[in-house]
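Peer 1: Take a look at the following structure, please.
Where a number appears in this text, it was derived from the coordinates with a stated rule and is not lab data. Every value quoted in this text rests on a predicted model; they were computed, and no experiment measured them. All Cβ positions, even for glycine, are placed from backbone atoms using ideal geometry, and neighbour counts span all protein chains on display.
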Amino acid sequence: MPSDNHKMLDRRGFLKAGLLTGGLAAAGAGAAQAAEARRSMLQPPYNQGAGHAHGGAGTVGTVDHQRNGFNPHDLLRDWDFGSTSTLPGGQTLREYRIVAVDKEIEIAPGVHFPAWVYNGRVPGPTLRCVEGDRIRIEFFNGGSHPHTMHFHGIHAASMDGVPGVGAGMIEPGGSTVYEFDAFPFGCHLYHCHSNPLKRHIHKGLYGAFIIDPDPTKYAGAERQAALSRNHLSAENRSVNEMVMVMNAFDTNFDGDNEVYAVNSIAFGYMDPPIRIQRDQSQRLYLVNITEFDPINSLHLHANFFDYYDHGTTLLPTLRTVDTIMQCQAQRGILEFNFRGFEAGLYMFHAHQSEFAELGWMGFFEVAA
Amino acid sequence: MTGAAELRASKSQPRPGRIPAWLSALLPLVALALLLSVFTLGDPLAMFKANLPPIEDLTFERIRVIPDGFEVTLVNGGPDPVTVAQVLVDDAYWAFQMSPSPTIPRLGRAMVHIPYPWVEAEPHAIRVITTTGVTFDGEVELATLTPELGLGQFAAYGLLGVYVGIIPVALGMLWFPTMRRLGRRWLGGILALTLGLLFFLLIDMLLEAFEVSQALPAFLQGVSLTLFAALFTWLVLLAIRNRGGQARSQDPLQRGVRLATLIALGIGLHNLGEGLAIGAAFALGEAALGSFLVIGFTLHNITEGIGIAAPLLPTLRVQEEAAVASGAPATGGPTRDSEPSGAPRAATFIGLTLLAGGPAILGAWIGGFAFSPLLANLFLGIGVGAIWQVIVEVGDLLRAYARGRGEGVVNWINLGGFVLGVLIMYFTAFLVSF
């Protein structure tokens, strides 16, 4: 949130400002010259991007997703289930390989950010498993600074991925294994916990960590909900599931973010929008990892949703709301559908208008 | 032949086998070209740069408020080309077009056209973000249409210059008859008051110039520009004065007029700067503030008329003459009590008023229609040099006057006049600077 030092418009300052910015005042070296400049601008050399479709607001141009190596539309449903096997006791073992590297990514058209990334993308891979699974993560640090992986979940102190505990910070070129049982079920996250923490988080080292409930442990309505949530069940297949990590980038490193987004790319879901089916149930795993700002939020237009804070319950913690807010590392699950709605574009965005206009804004295109 | 003569002789007659003069003159250039090619082709400083991102330095030279948005002129003062990736208005990404190109070469310029529904009389913040994520900010303090050059607007801004330049100087000069009737002992005080006024203007202009220079791209070296413009102006005025030195014995009235003209010129340059500021401020809008500002400047500048008229006082001229005479008794110069050579003509006063006040009109036009921090910086620097020379000359006059009366320069009347001059300027500046 760029700080606004709303200056008092005192008269002296006002006069000075006239001199300084000179600004406003000036009509160009000559009227003819200005007119010529204006004419030349009427034939823009610059390709107009998505912005103009929305009343002039928005970025100009397009992001080269290929060069980034990831497309925000793919990130929505790109689950990493790990390579699974069964342990002697019958427990499912999921093994993941995560590599941290330095990588420049384009977060808004033409705007590049020197990021630190897990597996080449921001946010890192969406790790998905089932309650009670054994999780084993081989972590390699290919970056230029010491990194860790700190999971929000239940685990031993030595597996916490913080400096000075267990393996502590993993030096460049080093590696470690994080291992724990997946508890509790819910919508969680992981991130680097190296010092300085702020820098390691806002540089891009974070991702979603989703633990599906085990339906065998629940009964009644809760069992139905668990079946719908568990990616191994047939009921889950009828739901359109998406993950969105609310993040932001401080491109000039002044402690304020210049770009806000979900899944990194400013206005990444404006053009093209996210296509969803009118009659399909929607489940959105939402994680907030925005650095520097105390909270972030999501507002869905023209519709309401049920909300499961942290995703650790099978019954909603909030019913029929259209806006929720999350502090950093808070997360939850949104469930909604557009049954009976008119087909068309339905907006969603942070309801800090400032974040929205700095990139955290998108559309669902509801198809009949 | 002495050693030195020998040396001279050997220089004048090139010995056979020696490198011809043109070639030896070329040699350093060839060496320089070699060095440059080493730097451009190879990269001897590579180890210092490593992977550092380029240093980017964009300056908002101008922001024009146009009916459908803003027109921003950016200057690249950094060592590398800079590419603008996105534009934000009030913390929102916004559509824009750039000409000739989003990439601005070193020391180059580009125009950014931003269609934006700006709000009358409210501030707007414009930010550009480059491909490396670096940001540069410009501010529209109060949005209102930047005036377009039209006859009506032209006349209005000209009138503004008349209000703050011509009228106050003319009003100040109306005190001339009063000053003439003042007792002699007070005249030194009037000169000292003029000095106080001039010192205030000198400092005011210098500070103003330094402030303007901050808006310039670094490569223009604004502060040096101001100081050297001041130095050159002062030296030029000094040269003009020294050339006139042979005609020292000219008519004392003409000498008075000459000094008054110099004062008027210096003050005129100061008023040009003031006109620039006022023109720019008016172009920013705020008519209510404007009329207050104009009254303030009128009061503030009235003292200037007194200062310009002071050297024309006949009694003063007599005193000066007496001082000159006593300083050079061989000439046996006349010491008259009557008026020396007629009173200054009305045309002289009008001319002086135009010279001192007129530039305010020019300044208002430039400030209103074609403001450039570079021009402002230069004008202010020239003004500083001119005012300094005026201070020197008025100081000479005051010294001569004091000597003629057999007093020290710093006496209570002179000191009082000087302090009063500064205080009048200081307190009337309250009207234009809060």
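Peer 1: What is the mean number of Cβ atoms from other protein chains located within 10 Å of the Cβ atom of each residue in peptide B:127-139, rounded to a whole number? If you can, show how the numbers build up before the last one.
Peer 2: Values: counts 3, 0, 8, 5, 6, 8, 15, 6, 7, 1, 1, 2, 6.
Mean partner-chain Cβ count within 10 Å for B:127-139: 5.
Peer 1: Kirkwood Rh, Cα Rg: Rg to Rh for region A:227-342? Write down the numbers at each step before the final one.
Peer 2: On the way: Rg = 15.2 Å, Rh = 15.3 Å.
Rg divided by Rh gives 0.99.
Peer 1: Measure off 7 Å from each Cα along the Cα-to-Cβ vector at A:E179 and A:R237, then give the distance between these two points in nanometres to one decimal.
Peer 2: Label-label distance for A:E179 and A:R237, simple model: 3.4 nm.
Peer 1: If you build a Gaussian network model of chain A, linking Cα atoms that sit under 10 Å apart, which residue out of A:I201, A:I276, A:I333 swings the most?
Peer 2: For chain A, modelled as a Gaussian network with Cα springs under 10 Å, the answer is A:I276.
Peer 1: Right, here's the next one. Taking 0.36 nm per residue of separation and subtracting the Cα-Cα distance, what length does fully extending B:Q254 through B:S224 add?
Peer 2: Details: separation 30, 0.36 × 30 = 10.80 nm, distance 3.62 nm.
Roughly 7.2 nm would be gained on extension.
Peer 1: What order do you get for A:L314, B:L235 when you list them from fewest to most C-beta neighbours inside 10 Å? Don't skip to the answer; put the middle values down first.
Peer 2: Working: A:L314 19, B:L235 12.
Ordered by Cβ neighbours within 10 Å, fewest first: B:L235, A:L314.
Peer 1: Across region A:201-280, what fraction of all alpha-carbon pairs, as a whole percent, falls in each successive 10 Å bin from zero upward?
Peer 2: Using 10 Å bins, I get a P(r) of 15, 31, 27, 19, 7, 0 for region A:201-280.
Peer 1: Can you list the equivalent-ellipsoid semi-axes of region B:58-140, largest first and in whole Å, using the square root of 5 times each Cα gyration tensor eigenvalue? Each step should come with its number before you reach the end.
Peer 2: Details: eigenvalues 88, 30, 24 Å².
Output for region B:58-140: semi-axes of 21, 12, 11 Å.
Peer 1: What is the diffusion coefficient of region A:265-325 in µm²/s, taking the Kirkwood radius over Cα pairs and the Stokes-Einstein relation at 10 °C with a viscosity of 1.306 mPa s? List each step's numbers first, then the result.
Peer 2: Values: Rh = 13.7 Å.
Translational D for this selection: 116 µm²/s.
Peer 1: Continuing with the same structure: Would you mind ranking A:T290, A:T251 by Cβ crowding within 10 Å, fewest neighbours first?
Peer 2: Values: A:T290 28, A:T251 25.
Fewest-to-most Cβ neighbours within 10 Å comes out as A:T251, A:T290.
Peer 1: Given R₀ = 45 Å, what would the calculated FRET efficiency be for A:Q280 paired with B:D137, taking r from the Cβ atoms and rounding to 0.05? Show your work: numbers first, answer last.
Peer 2: Working: r = 45 Å, r/R0 = 1.00.
Efficiency for this residue pair is about 0.50.
Peer 1: Next question, about the same structure. Return the loop-located GluC sites (Glu not before Pro) in region B:91-186 (DSSP other than H, G, I, E, B) with at most 15 other Cβ atoms within 10 Å of their own Cβ; answer none if there are none. Let's see the in-between values first.
Peer 2: Working: sites: B:E120, B:E139, B:E141, B:E148; in loops: B:E120, B:E141, B:E148.
When the GluC sites (Glu not before Pro) of region B:91-186 are filtered for loop state and at most 15 Cβ neighbours within 10 Å, B:E120, B:E148 remain.
Peer 1: Please report, for the Cα atoms of region A:103-188, the Rg to one decimal and the Dmax as a whole number; what are they, in angstrom?
Peer 2: 14.6, 44
Peer 1: So how many Å³ per residue does the convex hull of the Cα atoms of region A:162-256 work out to?
Peer 2: Numbers: hull volume 14.7 nm³, N = 95.
Hull volume over Cα atoms, normalised by residue count, gives 155 Å³.
Peer 1: Top mean-square fluctuation among A:P272, A:P294, A:P146, Gaussian network model of chain A, C-alpha springs under 10 Å?
Peer 2: A:P294
Peer 1: Per q in 0.12, 0.13, 0.14 Å⁻¹, report the Debye log10 I(q)/I(0) for region A:65-367, using one uniform scatterer on each alpha carbon and no solvent.
Peer 2: -0.76, -0.90, -1.05
Peer 1: Between region B:373-393 and region B:131-155, how many Å separate their Cα centres?
Peer 2: Rounded to whole Å, the Cα centres lie 27 Å apart.
Peer 1: Another question, if that's okay. Would you mind getting me the FRET efficiency between A:R77 and A:T317? Use the beta-carbon distance for r and R0 = 22 Å, nearest 0.05.
Peer 2: The calculated FRET efficiency here is 0.35.
Peer 1: Which percent of Cα-Cα pairs in region A:316-368 sits in each 10 Å bin, short to long?
Peer 2: The calculated distribution, bin by bin, is 19, 45, 33, 3.
Peer 1: Just want the ordering: B:I114, B:I66, B:I166, from fewest to most Cβ atoms lying within 10 Å of their own Cβ. Please report the intermediate quantities before stating the final value.
Peer 2: Working: B:I114 24, B:I66 17, B:I166 21.
Ordered from fewest to most neighbouring Cβ atoms within 10 Å, B:I114, B:I66, B:I166 come out as B:I66, B:I166, B:I114.
Peer 1: Given points 7 Å out from each Cα along the Cα-Cβ axis, report the B:V119 to A:N195 separation in nanometres with one decimal.
Peer 2: 4.5 nm
Peer 1: Cα-based Rg of region B:384-432 per 2.2 N^0.38 Å, rounded to two decimals?
Peer 2: For region B:384-432, the normalised Cα radius of gyration comes out at 1.37.
Peer 1: Next question, about the same structure. How far apart, in nm, are two points set 7 Å out from the Cα along the Cα-to-Cβ line at B:N242 and at B:D396?
Peer 2: The two pseudo-label positions are separated by 1.2 nm.
Peer 1: Please give the net charge around A:P109, taking every other residue with its beta carbon less than 14 angstrom from that of A:P109, where Lys and Arg add +1 and Asp and Glu add -1. Could the numbers behind the result be given before it?
Peer 2: On the way: positive: A:R67; negative: A:D64, A:E106, A:E258, A:D271.
Local net charge: -3.
Peer 1: Take the Cα pairs of region B:134-213, get the Kirkwood Rh, then feed it into Stokes-Einstein at 37 °C and 0.692 mPa s and tell me D in µm²/s. Intermediate values should be presented prior to the final figure.
Peer 2: Values: Rh = 17.2 Å.
Once the numbers are plugged in, D ends up at 191 µm²/s.
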